[in-house]
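Please see the structure below; I have some questions.
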Amino acid sequence: MSVHISAKKGEIAPVVLMPGDPLRAKYMADNFLQDAKLVSQTRNILYYTGNYKDKAITIGASGMGCPSIGIYSYELYNEYNVECIVRIGTCGAYTTGLRLFDLINVERAFSESTYALHAFGYKSDHLYHEGNAYAAINDAAATLGLKMQAGAIHSSDVFYRSEEGIPDIAYKNDCVAVEMEAFALFANAKYLKKSAATLLTVSDIIPTHEQISADEREKALLPMMQLALESAMRI
Ligand code: HPA
């Protein structure tokens, strides 16, 4: 047990796939893992461990935002000997160069968050994927014939803001899309010398207000889920 995860030591696999939403973790465990076992449900943040093609994998949620993923990923790395976490999430595109359903393998996360500064003294607002997971995702995508965008994204602390459209800091920092978690995950992985990647599906295009509808969402995320599972086989 750790402070926020009730799994026993040994019940979490070395590779963890991490959606934001606990029910997405349940959906993936129900549909893709053999012999999935619910190993933690503290605060309804569900973690399942099972087998994908005979490889043990844990799928569990991060919740929303840097503080939440910061807690779960730190405890997984530090107390459960997790080697690699692949965040799988959605993002809003800042540019019409991206389309709905596009997949992004995050190269760099920029953030206004002070998480990395206050946690570890990291002064830079830019953090990078860590370890071999990023390359594993590109390799799996090539095998599955999925087109990937590599990119810098904004891990924002803010979902609702007074400024309409795209915030100035996003332009200034060359961010193609926005989500809310990668920066803290990358900070923890860097500090603890672990592997971390973030795989995103574009769920909305901010300049045009296009969105994947609620009905489309489950099906829309299937390629990312499959890609994450196949990537895990290469880590
Ligand atoms: N902002 C932040 N996170 C997101 C968004 C957004 O517009 N869309 C999907 N995740």
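The values are calculated or read from the model by the stated rules, or taken from the named source; none is laboratory data. Because the structure is a prediction, the values reported are computed rather than measured. Heads up, the Cβs are rebuilt from the backbone with ideal geometry, glycines too, and the neighbour counts pull from every protein chain shown. All accessible areas refer to the heavy atoms of the entire protein, side chains included, with ligands and DNA or RNA removed. Shrake-Rupley method; radii C 1.70, N 1.55, O 1.52, S 1.80 Å.
Are any residues in segment 88-100 in contact with a Gly (Cβ under 9 Å, 6 or more places away or on another chain), open to solvent by less than 10 Å² (accessible area, probe 1.4 Å) and not aliphatic (A, V, I, L, M), and if so, which ones?
Within segment 88-100, G89 is the sole residue that qualifies.
Would you check which residues across segment 191-212 are open to solvent by 10 Å² or more (accessible area, probe 1.4 Å) and within 16 Å of the ligand (Cβ to nearest atom) and list them?
D204, I206, P207, T208, H209, E210, Q211
Going through segment 171-190 one residue at a time, which ones are surrounded by fewer than 21 Cβ atoms within 10 Å (Cβ to Cβ) and at negative phi?
Within segment 171-190, Y171, K172, N173, K190 qualify.
Check every one of the strands (runs of 3 or more DSSP E) wholly within segment 101-170 and list those with 3 or more residues that are open to solvent by less than 40 Å² (accessible area, probe 1.4 Å).
Those strands (runs of 3 or more DSSP E) span 103-110, 148-155.
Within segment 66-86, work out how many residues are touching a Ser or Thr at 6+ places or on another chain (Cβ under 8 Å), farther than 13 Å from M1 by Cα and either open to solvent by less than 10 Å² (accessible area, probe 1.4 Å) or part of a helix (DSSP H, G or I) (or both).
Selection size over segment 66-86: 8.
Would you point out the residue of segment 194-216, among those that are touching a residue at least 40 places away in the same chain (Cβ under 8 Å) and not in a strand (DSSP E or B), that is farthest from G97 (Cα to Cα)?
As a first pass, look at segment 194-216 and keep what is touching a residue at least 40 places away in the same chain (Cβ under 8 Å): 194-208, 210-212.
After this cut, where a residue has to be not in a strand (DSSP E or B) as well, the list is 194, 206-208, 212.
Numbers: K194: 32, I206: 11, P207: 11, T208: 12, I212: 16 Å.
Ranking the qualifying residues of segment 194-216, first place goes to K194.
From the list D102, D125, D54, D21, which one is within 18 Å of E181 (Cβ to Cβ) and either within 16 Å of the ligand (Cβ to nearest atom) or modelled with pLDDT under 95 (or both)?
Of the residues listed, the single one that is within 18 Å of E181 (Cβ to Cβ) and either within 16 Å of the ligand (Cβ to nearest atom) or modelled with pLDDT under 95 (or both) is D21.
I've got another one for you. Which residues, counting only those in segment 1-25, are crowded, with 20+ Cβ neighbours inside 10 Å, in a helix (DSSP H, G or I) and out of contact with any Pro (no Cβ under 6 Å at 6 or more places or on another chain)?
Residue satisfying the conditions is R24 alone.
Ok, one more. Which condition does Y191 not pass, out of (1) at pLDDT 90 or above; (2) in contact with a strand residue (DSSP E or B) (Cβ under 8 Å, 6 or more places away or on another chain), if it passes all the others?
(2) is the only condition that Y191 fails.
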